[in-house]
Amino acid sequence: MVLVSAGLLMLVFAFLLVRFPLLAEALRQHHSQLWLQLGRPEPWSFHQSLGLFSWVLARGFDQTPGLLILGEQALVRARWARSLFVVGFGCLVLGYFWALLA
């Protein structure tokens, strides 16, 4: 059960890392067309930030002038979130199988 708890904790931290408030606000103020294309992500909402999350992981900020620094900071956060999603889900699945076998 420790493995399941650790996996759930990692997933919670990954969900918290998916939000990019500074980048979403900068997109809304300076690049409104791109902000609309990404689904109008609000700075503090999770469900609207998934498009922005995948855009950051695809390095879409490289083609947008003025967002390179915020984009690089968001990329570090997005990579941490992606890693925590993978490891957390792996721990969750492994913990459930371990609990079934025990």
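Figures for the structure shown
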read-out	value
Leading residue by the ranking (modelled with the lowest pLDDT) among those in the range 12-68 that are under 10 Å from the mean Cα position of the chain (by Cα) and outside any helix (DSSP H, G or I)	46
Of the criteria (1) of a type in the set (Val, Ile, Thr); (2) under 30 Å from residue 97 (Cα atoms); (3) surrounded by fewer than 18 Cβ atoms within 10 Å (Cβ to Cβ); (4) out of contact with any Cys (no Cβ under 9 Å at 6 or more places or on another chain), which one residue 4 fails	(4)
Odd one out for residue 83 among (1) hydroxyl-bearing (Ser, Thr, Tyr); (2) modelled with pLDDT of 95 or more; (3) crowded, with 17+ Cβ neighbours inside 10 Å	(3)
Exclusive hit being of a type in the set (Val, Ile, Thr), farther than 30 Å from residue 1 by Cβ and surrounded by 14 or more Cβ atoms within 10 Å (Cβ to Cβ), set 76, 56, 18	56
Only one of 53, 89, 13, 85 that is of a type outside the set (Asp, Glu), farther than 30 Å from residue 101 by Cβ and in contact (Cβ under 8 Å) with a residue 12 or more places away in the chain	53
Test result for residue 38, touching a Pro at 6+ places or on another chain (Cβ under 9 Å), surrounded by 14 or more Cβ atoms within 10 Å (Cβ to Cβ) and among the aliphatic types (A, V, I, L, M)	no
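The values are calculated or read from the model by the stated rules, or taken from the named source; none is laboratory data. For clarity, every value in this text was computed on a predicted model and none was experimentally measured. Cβ coordinates were reconstructed from backbone atoms using ideal geometry, including for glycine residues, and neighbour counts include every protein chain displayed.
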